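First comes the structure, then the notes that go with it.
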Amino acid sequence: MHARFYHPENISIGQSIALSIDNSHHALRVLRLKAGDAITLFNGQGGEYVSHIETSAKSAVTVQVMEYFTHDRESPLTIELTQAVCVNEKMDWIIQKAVELGVSHIQPVITQRSIVHLSSERATKRLLHWQKIIIAACEQCGRNRLPRIEPLMTLQEWLSRKKIMTSDCEMRLMLSTHTDKKLRDISPLSAETGIVICVGPEGGFTAEEEKAMSHTQFTPVHLGKRIFRTETAALAAIAALQTLWGDF
């Protein structure tokens, strides 16, 4: 697979494109690419474009778009991960690996036991940082559509939004240690059913939060006999969903 770069603009065959400063630096200084080398561009709208480097200067790379391929590497499942925000490194890890595992939508939330609380300004900066992680993960794993990540909100705010949305086309799941039901006990999914998986912080959801989620049609499920850290729980759940009903 050629080196992949996200280019958030329209792309057409025969077009000459100047890569961004960051992409040019990565191509030249990190990957050591040179004129004539092939790369792949994608704009997040599906498909990818094989291109060749035309010119390379100290901090600028121009490429010519040669071919378009409709490669689709999306999961057949539509998975929304709602994740209680955690410390920076762990949250970055969860987002990166969730993208690799095929989620289509990420919603960070603040819960009662969250140890991370961000001001509005810091939350905006974190959102931009998480979006960069999503782009880099798509470049690495071959996805040609960018998963969405929503602005940080409280669990209560998120549940209020879910209450006014129909659950008929969603399987709503929350990870809990207070149930014996496992993912394999859930009825098989239809192709049109989306999945929402909600993962709590290190201390788990409070009883009040679990009750509120139950009133919003969330089914509690347990990931076996062991207690996972929040970053392990999220990724284990997504991998299990992909194994049961997805493309694993």
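Read the figures in this text as sums done on the coordinates, not as results from a lab. None of the values given here were measured: they were computed from a predicted structure. Here the Cβ is made from the backbone with ideal geometry for all residues, glycine too, and neighbour counts use every protein chain on show.
Could I have the simple spin-label model distance between residue 119 and residue 30, label points 7 Å from Cα toward Cβ, reported in nm to one decimal?
For the pair residue 119/residue 30, the computed spacing is 3.0 nm.
What share of all Cα pairs of region 40-135, in percent, falls into each consecutive 10 Å distance bin?
13, 34, 26, 20, 7, 0
Just to compare against my own numbers: the Cα pair-distance distribution for region 135-248, 10 Å bins, whole % per bin, please.
Once binned at 10 Å, the Cα pair distances of region 135-248 give 12, 41, 38, 10, 0.
When a/c reaches 1.5 or more, the comparison of a/b and b/c decides; with that in mind, is region 40-92 rounded, prolate or oblate per its Cα gyration tensor?
Oblate, since a/c reaches 1.5 and b/c is not below a/b.
Calculate, for residue 60 and residue 145, the FRET efficiency according to 1/(1 + (r/R0)^6) with r their C-beta to C-beta distance and R0 25 Å; round to the nearest 0.05. Before the final figure, lay out the partial values.
Details: r = 28 Å, r/R0 = 1.12.
Using R0 = 25 Å, I get an efficiency of 0.35.
From the helices alone, meaning DSSP H stretches of at least four residues, give me the mean residue ellipticity at 222 nm for the chain, per-run term -39500 (n - 2.57), in deg cm²/dmol to the nearest 500.
On the way: 6 runs with 74 residues, N = 248.
Helix-only estimate at 222 nm: -9500 deg cm²/dmol.
In bins 10 Å wide, starting from 0, what share of all Cα pairs of region 3-69 does each bin hold, as a percent?
24, 60, 16, 0
Please work out the C-alpha center-to-center distance from region 188-248 to region 73-139 and express it in whole Å.
First find each Cα centre; the distance between them is then 15 Å.
Distance in nm between label sites at residue 214 and residue 165, each 7 Å beyond Cα in the beta-carbon direction?
In this crude label model, residue 214 to residue 165 measures out at 2.3 nm.
Which percentage, to the nearest 5, of the DSSP beta bridges contained in the chain is antiparallel?
In the chain, approximately 35 percent of DSSP beta bridges are antiparallel ones.
Once you've got the GNM for the chain with C-alpha springs shorter than 10 Å, pick whichever of 198, 169, 138 has the biggest mean-square fluctuation.
169
Pairs on different chains or at least eight residues apart, Cα atoms closer than 17 Å: how many lysine pairs in the chain fit?
Lysine pairs meeting both conditions in the chain amount to 9.
Cut-off 10 angstrom, C-alpha nodes, Gaussian network model of the chain. Which of 51, 176, 59 fluctuates the most?
Among 51, 176, 59, the largest mean-square fluctuation in the Gaussian network model of the chain belongs to 59.
Let me spell out the model: positive unit charges on the Cβ of Lys and Arg, negative unit charges on the Cβ of Asp and Glu, origin at the Cα centre of region 78-245. What dipole size does that give, in debye rounded to 20?
The calculation lands at about 160 debye.
What is the magnitude of the charge dipole of region 3-69 about its Cα centre, with +1 placed on the Cβ of each Lys and Arg, -1 on the Cβ of each Asp and Glu, and no other charges, expressed in debye to the nearest 20?
About 300 debye.
Only Cα pairs within less than 10 Å get springs; with that Gaussian network setup on the chain, which residue of 66, 174, 91 has the largest fluctuation?
66
Work out the charge dipole of region 3-69 with +1 on the Cβ of Lys and Arg and -1 on the Cβ of Asp and Glu about the Cα centre, then indicate which of 40, 15, 26 is farthest towards its positive end.
26
Show me the helices of the chain, taken as full DSSP H stretches, that run 27 Å or more along their long axis by Cα and average -1.0 or above in Kyte-Doolittle hydropathy.
120-141
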